[in-house]
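The values are calculated or read from the model by the stated rules, or taken from the named source; none is laboratory data. Model, not experiment: these values are computed from the prediction. A quick note on method: Cβ atoms are made from the backbone with ideal geometry, for glycine too, and the neighbour counts reach across all protein chains shown. Surface accessibility is based on the protein's heavy atoms, side chains included, excluding ligands, DNA and RNA. Shrake-Rupley method; radii C 1.70, N 1.55, O 1.52, S 1.80 Å.
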Amino acid sequence: MAVVAQSTLKDIRDEMFAHMQNLPVRYFDTRTHGEVMSHYTNDADTLRQMLAQSLPNLFSSIVSMIAVLCSMLHLSVWLTLVVVGFALLMIMLAGKIAGKSGGYFMKQQKNLGELNGYIEEMITGQKVIKVFCHEDKSKDGFDKRNEELFRNAYSANKFVNMLGPINNNLGHLQYVIIAVIGCILAVATSSGKIPSEGILSVFAISVGSVAAFLQLSKSFTMPVNMISQQLNSVVMAMAGAKRIFSLLDEE
């Protein structure tokens with residue numbers, strides 16, 4: 001994945017730079033140098049994080065989920081359905097929260113480019129700023145842009161950081177529900193109310209199987225939590241990719 005990530009970023013930077021050489025002068029007149037540079041640094045870095053970190057974690061989490069799911073199905077189909085139901089609920093919540101944070105991540109990347117552009121302009125013209133005593137106005141302009149970046153970055157990360165506590169509490173609730181249902185089925189099985197043969201035998205389960213299933217359910221929710229947490233990097237990478245492709249789509 002390190003090779004894939006770095007090779008992909010190299011190709012993207014090569015394509016951006018080659019395309020930039022053919023853009024008209026008006027493109028550079030309407031954008032600061034720092035904002036253009038932000039495509040090569042901040043926006044490209046969001047893609048690097050997704051390719052080098054998020055995708056491998058997503059892949060390993062999916063493999064773990066499939067392996068644990070097969071083990072749970074072997075122990076109890078009905079308890080597995082409860083776990084899958086909670087997992088789907090976690091993923092749906094993660095999708096909704098990621099949708100709310102996506103717009104803010106896009107604004108964050110835009111604000112970051114604007115702030116970099118402003119800093120680049122102020123550094124280049126620092127001697128002129130000193131000569132004409134423009135320090136206070138320069139600082140006011142920086143504070144305004146920095147405050148806007150803070151608000152959008154805070155809003156974006158606020159939604160994403162809700163996922164961990166929400167998923168952890170859902171995982172604890174799932175553990176309790178499975179323990180209660182499993183114990184009821186185990187007692188019914190041991191007392192003979194659930195026969196070991198026939199249609200109702202699918203509900204039969206031993207105390208040992210319930211204990212093993214509870215451990216497996218924890219192993220199943222951990223990858224689900226990891227996938228939810230990786231949505232942060234994926235959404236941020238999508239925001240960075242949108243800005244990169246906007247440059248490549250310029251005529």
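Annotation note: of Phe150, Phe142, the sole residue that is under 26 Å from the mean Cα position of the chain (by Cα) and either at pLDDT 90 or above or assigned to a helix (DSSP H, G or I) (or both) is Phe150.
Within the range 155-165, is there a residue that is of a type outside the set (A, V, I, L, M, F, W, C), over 20 Å from Gln229 (Cβ atoms), in a helix (DSSP H, G or I) and in contact with a helix residue (DSSP H, G or I) (Cβ under 8 Å, 6 or more places away or on another chain)? No, the range 155-165 contains no residue that is of a type outside the set (A, V, I, L, M, F, W, C), over 20 Å from Gln229 (Cβ atoms), in a helix (DSSP H, G or I) and in contact with a helix residue (DSSP H, G or I) (Cβ under 8 Å, 6 or more places away or on another chain).
Per the listing Val63, Val77, the residue uniquely surrounded by fewer than 13 Cβ atoms within 10 Å (Cβ to Cβ), of a type in the set (Val, Ile, Thr) and either at pLDDT below 85 or over 21 Å from the mean Cα position of the chain (by Cα) (or both) is Val77. Of the residues making up the range 15-57, those that are open to solvent by 20 Å² or more (accessible area, probe 1.4 Å) and among the aromatic types (Phe, Trp, Tyr) are Phe17, Phe28, Tyr40. Cβ-Cβ contacts under 8 Å between residues 6 or more apart (or on different chains), taken from a first residue in the range 17-30 that is over 15 Å from Asp249 (Cβ atoms) to a second residue that is open to solvent by 100 Å² or more (accessible area, probe 1.4 Å), are absent. Does Ser138 satisfy the condition of being polar (S, T, N, Q) and either buried (at least 16 other Cβ atoms within 10 Å of the Cβ) or more than 28 Å from Gly99 (Cβ to Cβ) (or both)? Taking the combined requirement at face value, the residue satisfies it.
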